[in-house]
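The values are calculated or read from the model by the stated rules, or taken from the named source; none is laboratory data. Keep in mind the model is a prediction, meaning the values are calculated, not measured. Cβ atoms come from the backbone with ideal geometry, glycine included; neighbour counts cover every protein chain shown. Calculation scope for accessible area: heavy atoms of the full protein, side chains included, ligands and nucleic acids excluded. Shrake-Rupley method; radii C 1.70, N 1.55, O 1.52, S 1.80 Å.
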Amino acid sequence: MPIGESMTSAELNAVTCGGKFGRIGRRDVLALLAGAAAWTSPSHAQRSAIPVIGYLCPESPGLFASRLKAFHEGLGEIGFIEGRNVAIDYQWAEGQYKRLPALAADLVARNVDVIVAPGGAPVALAAKAATASRTIVFEMGGDPVQLGVVDSLSRPGGNITGVSSLSVEVSPKRLEMMHELRPTAAKLAVAANPTSPTVNTQLEKLRSAAEILGVRLEVLMASSEKEFEAVFAAVTKEAARGLVFTSDPYFAFRSGQLAALAQRYGVPAITQSRDFPTSGGLMSYGGDFVQSHRRAGIYAGRILNGEKPSDLPVQLVTKVELIINLKAAKSLGFEFSPSLVSGADEVIE
Amino acid sequence: MEVQQGFRSLFQKYLLVLFMAVAIPLAINGVVEAWFGYRDQRARLDQLLGVQAMSAAAEIHDFIYGITNDLGWLVQLPWNDEPDERRRTDALRLFRQAPAIVALTLLDHRGLERLYISRIGLNRIDSRTDRSTDPAVIGARAARTWFGDVTYNRGSEPYLKIAIVGNRPSVGAVIAEVNLKLIWDVISAIKVGKTGFAFVLDRPGRLIAHPDISLVLRGAEEATSRPFQAIRDAIGSAGVGSATGRDINGRDVAAAAAPVSGPDWTVVVLQPLSEAFGPIYAALKRTAAILAIGTVIAGLLAYALAHRMTEPIRLLEEGTERIGAGLFNHRISIETGDEFQRLADSFNRMAAELALAQEQQERIARLKRFLAPQVADLVDRTGDDGVLKGRRTEVVVVFCDLRGFTSFSAEVAPEQVMSVLSEYYEVLGRAITTFAATLISFSGDGLMVLVNAPVPVEEPALRAVDLAVEMQRSVQELIVGWRSRGYRVGFGVGLASGSATVGRIGYESRFDYTAIGSVVNLAARLCASATDREILMDAEVAEGVGGRRSVIGLGNRQIKGYDEAVPVFGISFDTP
């Protein structure tokens with residue numbers, strides 16, 4: 001679905017041209033001057049001359065590569081290219097979400113021009129807690145209003161705005177799809193991260209959906225990689241016919257690991273991230289992270305160009321994608337219904 | 001000084017008039033051209049923006065009708081009571097095709113909900129809720145296609161509900177919820193010129209599509225939509241064509257609108273005036289530049305022409321001033337080959353004639369010294385002193401002097417001598433004037449007078465005799481007085497007639513008129529030999545009188561310088 005992609009590119013052409021070139025021109029000149037000054041003290045000069053983005057990342061560079069690429073694309077559409085007219089100060093939490101508040105505080109102390117908090121509600125909340133004055137651009141799957149990150153979608157208020165991928169919103173849809181795949185199952189397992197800020201609302205929605213669908217839920221908790229195996233083991237043990245992952249960045253970034261475990265345990269599972277079926281998992285349903293990270297990049301660029309975060313409404317991604325892996329289905333010994341296949345945005349054969 | 005000022009103002013007048021003559025038509029032409037250029041461009045802009053608006057409206061229309069067209073496929077087959085898996089597959093396929101659709105509701109012929117599928121929420125299959133009273137269903141049944149009002153999902157994303165029914169009741173109806181955020185694709189692709197763009201307002205005037213998605217996501221807010229409504233209203237009140245106004249960034253824009261039928265929206269295209277009127281501004285700048293250059297050229301031309309016109313006048317003025325000051329040899333040099341040159345030439349001719357006239361005047365003034373006033377006047381009137389040219393003519397020469405004057409002058413005081421001479425010449429001068437004789441010279445007490453030259457008179461001899469008598473009479477009157485004072489002087493006159501050479505003699509400004517010949521000598525001798533109270537004349541004079549006066553023959557007398565004795569005549573006159 002190319003609509004979301006092209007929207008971002010044309011968006012800034014139409015809207016931000018006016019101010020953009022002027023500013024970039026000035027920045028270029030400043031960068032050039034800084035380059036001259038950098039002869040003696042390069043690091044200092046670079047810092048003071050070109051804007052700096054503080055990039056607060058919950059994971060390691062390897063796991064975040066695809067998201068970071070999308071972010072860079074978004075920045076590039078506004079005219080910012082890392083190393084040329086913008087510097088990015090990365091803080092990697094390496095999957096230890098408890099470190100996020102400290103890293104966020106660190107970025108605030110380093111006086112960056114804008115803090116980008118991608119990859120989920122915990123990151124946004126850590127950044128928001130760290131500063132009330134520095135501008136923050138978030139990227140998350142949850143509902144920023146419900147999480148108290150912003151006042152409303154159209155008027156975020158304060159120093160924060162960003163993009164929501166709707167992944168949390170569609171958790172019940174994953175249960176529905178798993179139910180469609182296993183229509184006769186009386187019991188389905190749900191994996192949740194107890195440390196996630198959205199865990200309770202997701203489980204609540206899932207339970208009411210299960211009631212409508214007429215299935216029982218076996219909720220399994222995992223908050224670290226060590227616990228993953230136990231989850232899959234429990235699915236088999238509890239005779240649940242399928243496993244539905246709640247939306248959680250920790251799970252999403254470990255799609256490869258989860259896909260391998262699903263294959264090993266022969267568990268049909270659905271997650272939020274397309275990385276899961278592409279790594280051999282069965283299927284995924286969730287917001288398009290390429291679109292959401294790209295838009296986060298655009299917002300970061302627009303803020304560097306002087307726009308106020310309160311004037312930038314929170315954007316919801318327009319694309320929620322269904323990816324199915326026919327090979328995985330075959331190895332699990334069943335077939336997708338024609339309606340699922342026809343509704344899939346991408347089919348891996 | 002005054003002359004100088006007059007000259008200057010004439011130059012200024014010419015300069016102004018000539019400048020105006022060039023600059024005004026140029027300015028009028030420039031203004032007219034600019035005005036028509038503006039009108040043409042304005043009309044073209046109206047037309048262009050109108051077409052752009054229509055084309056944009058067509059694209060928005062296509063977007064909406066693309067969706068309704070897709071929805072049409074879901075209302076093709078009649079419903080029965082069985083669950084219909086195929087319809088779900090079709091609906092899911094439509095989801096993939098039409099990303100803007102977020103939810104679909106399929107109703108059967110009784111208006112019961114048979115299928116609800118959503119991208120976000122849970123699907124409902126065969127819920128059989130009665131939706132027959134839903135305004136969407138009623139609306140669609142009335143007009144086949146029904147468009148709801150735009151709603152803002154969570155106060156941010158604009159959504160539109162579309163309902164359509166099939167071509168017969170048994171196929172039921174479909175209601176779709178469309179996320180209008182995706183019109184962005186269409187709207188952002190519409191370019192008006194370089195920086196112009198389009199936006200869409202719904203019926204109440206809320207912003208539902210704009211290249212800046214941030215504005216659309218706040219479209220539900222009155223504050224966001226108001227400036228856009230203002231543009232739409234401005235176009236509405238301007239009637240057909242385009243209107244001008246301010247956009248949210250405060251730029252002046254030209255805008256045109258076109259309706260999107262069906263959902264009853266308005267598409268507005270706008271273009272910054274700076275860009276839309278770019279060609280006009282360029283043309284105006286060109287015109288201004290041409291005007292400026294033209295004005296400079298007009299100024300230079302006017303200066304040159306005014307200078308050319310006033311320069312001869314200045315030369316004429318200067319020339320006449322000089323000529324007026326008496327410099328008659330001054331010549332005005334104007335080679336313009338026109339009336340000015342002609343005028344200068346006639347000035348020069350006038351100066352030459354004036355010089356001639358003055359010369360003659362001076363000559364005549366000199367003549368008056370020795371000519372009788374009547375003669376002088378004559379010469380003056382004729383303006384010709386040709387009469388003074390040397391020639392040989394018959395004249396009567398009259399000489400007179402006082403007897404015993406030398407001894408008298410030695411005896412008395414010079415004042416008395418001068419007083420006597422003064423009285424003497426006064427009476428003689430009066431007599432000479434009376435008889436229109438020509439005074440040739442006087443020295444001491446002697447006087448020489450000429451009759452019949454330079455101007456011939458009638459009866460010269462008679463006139464000369466009468467003159468001599470008058471001289472004797474008047475001087476003798478004086479002598480009576482002198483004698484009473486003890487001065488012993490007498491007075492004698494001699495006349496002779498004959499041919500003599502008369503003419504002007506002298507050098508440069510000192511000229512005299514004189515007579516040369518033996519007749520002069522004879523007259524002088526006769527005068528010398530005349531005693532007091534005596535008038536002696538030669539035979540020729542006596543003959544000339546011809547008995548009209550009592551001339552008495554005095555017999556021959558021996559005259560100095562003459563070998564033979566000359567017959568001499570006298571005349572008696574009454575003495576006081």
If you average 1/r over every pair of different alpha-carbon atoms in segment B:234-340 and take one over that average, what Kirkwood value in Å do you get?
-> 20.3
Directionally averaged projected area (convex hull, Cα atoms, segment B:24-162), nm² = 12.9
Would you work out the charge dipole size for chain B about its Cα centre, treating the Cβ of every Lys and Arg as +1 and the Cβ of every Asp and Glu as -1, and quote it to the nearest 20 debye?
-> 2340
For chain B, compute Rh as the Kirkwood radius over C-alpha pairs and then the Stokes-Einstein diffusion coefficient at 10 °C and 1.306 mPa s; write the answer in µm²/s, rounded to an integer.
-> 43
So what is the diffusion coefficient of the protein assembly as shown in µm² per second by Stokes-Einstein at 20 °C and 1.002 mPa s, using a Kirkwood Rh over Cα pairs?
-> 54
On average, how many beta carbons from a partner chain sit within 10 Å of the beta carbon of a residue in B:113-122?
-> 4
Toward the positive end of the charge dipole of the protein assembly as shown, about the Cα centre and with charges on Cβ (Lys, Arg +1; Asp, Glu -1), which of B:Leu450, A:Leu68, B:Ala220 goes farthest?
-> A:Leu68
Exposed-site-free run, longest, chain B (rule: trypsin sites (Lys or Arg not before Pro); DSSP loop; at most 11 other C-beta within 10 Å) | B:1-193
How much length is gained if the chain between B:Ser422 and B:Ser127 is pulled fully straight, taking 0.36 nm per residue apart and subtracting their Cα-Cα distance, in nm to one decimal?
-> 89.6 nm
When we measure straight from the Cα of A:Lys237, which lysines land under 28 angstrom away, once same-chain ones fewer than 8 places off are left out?
-> A:Lys173, A:Lys187, A:Lys205, A:Lys226, A:Lys327, A:Lys330
Just the number, please: carbon plus sulfur as a percent of the accessible area of the protein assembly as shown, 1.4 Å probe, no ligands or DNA/RNA counted.
-> 55
The answer for B:Val568, listing residues at least 5 apart or on another chain whose modeled amide H is closer than 5 Å to its amide H, is B:Leu554, B:Gly555, B:Asn556, B:Arg557
What is the dipole size for segment A:198-349, taken about its Cα centre, with +1 at each Lys and Arg Cβ and -1 at each Asp and Glu Cβ, in debye to the nearest 20?
-> 60
Vicinal HN-Hα couplings computed from phi for segment B:545-554 (Karplus, 6.51 cos²θ - 1.76 cosθ + 1.60; Hz; Gly/Pro x) | 5, x, x, 7, 10, 7, 8, 10, x, 9
Shape box of segment A:73-146 [Cα atoms, principal axes, largest first, Å] = 33, 27, 26
Cross-link partners among lysines for B:Lys194, C-alpha distance below 22 Å, same-chain residues fewer than 8 apart left out?
-> A:Lys20, B:Lys285
Normalised convex hull volume, segment B:423-576, alpha-carbon set, Å³ per residue = 125
When the charge dipole of the protein assembly as shown is computed with +1 at the Cβ of Lys and Arg and -1 at the Cβ of Asp and Glu, the Cα pointing farthest to the positive end, of B:Trp482, B:Val17, A:Tyr285, is that of A:Tyr285
What accessible area per residue, rounded to a whole number of Å², is obtained for the protein assembly as shown using a probe radius of 1.4 Å?
-> 45
Report ³J(HN,Hα) in whole Hz for each residue of segment B:30-41, in order, from the Karplus equation J = 6.51 cos²θ - 1.76 cosθ + 1.60 where θ = phi - 60°; Gly and Pro get x.
-> x, 5, 4, 4, 5, 5, 5, x, 4, 5, 4, 5
Could you tell me which chymotrypsin sites (Phe, Trp or Tyr not before Pro) in segment A:247-349 are loop residues by DSSP with no more than 16 other beta carbons within 10 angstrom of their beta carbon?
-> A:Phe334
Give, rounded to the nearest 20 debye, the magnitude of the charge dipole that the protein assembly as shown has about its Cα centre when Lys and Arg contribute +1 at Cβ and Asp and Glu contribute -1 at Cβ.
-> 2960
Return the tail of the calculated pair distribution for segment A:75-209, meaning the percent of Cα-Cα pairs more than 23 Å apart.
-> 44
Under 10 Å, Cβ to Cβ, from B:Lys161 - net charge with Lys/Arg +1 and Asp/Glu -1 = -3
Rounded, prolate or oblate: which one fits segment A:153-246, using the alpha carbon gyration tensor with axes a ≥ b ≥ c (rounded when a/c is under 1.5, else prolate when a/b beats b/c, else oblate)?
-> oblate
What accessible area, summed over both chains, is buried at the A-B interface (1.4 Å probe, Å², nearest 100)?
-> 3200
In chain B, with Lys and Arg counted as +1 and Asp and Glu as -1 at Cβ, which of these residues, B:Leu160, B:Ile559, B:Gly172, has the Cα nearest the positive end of the dipole, that is, farthest along it?
-> B:Gly172
Spatially proximal lysines relative to A:Lys128 (Cα-Cα < 21 Å; intrachain offsets below 8 disregarded) = A:Lys98, A:Lys308
Using just the alpha carbons, could you tell me how many Å³ per residue the convex hull of chain A encloses?
-> 128
Could you run the Karplus curve 6.51 cos²θ - 1.76 cosθ + 1.60 with θ = phi - 60° over segment B:439-454 and give me ³J(HN,Hα) per residue in whole Hz, x for Gly and Pro?
-> 7, 8, 7, 9, 9, x, 9, x, 9, 10, 10, 10, 10, 6, 8, x
Against the globular-protein guess of 2.2 N^0.38 Å, express the Cα radius of gyration of segment B:12-62 as a ratio, rounded to two decimals.
-> 2.20
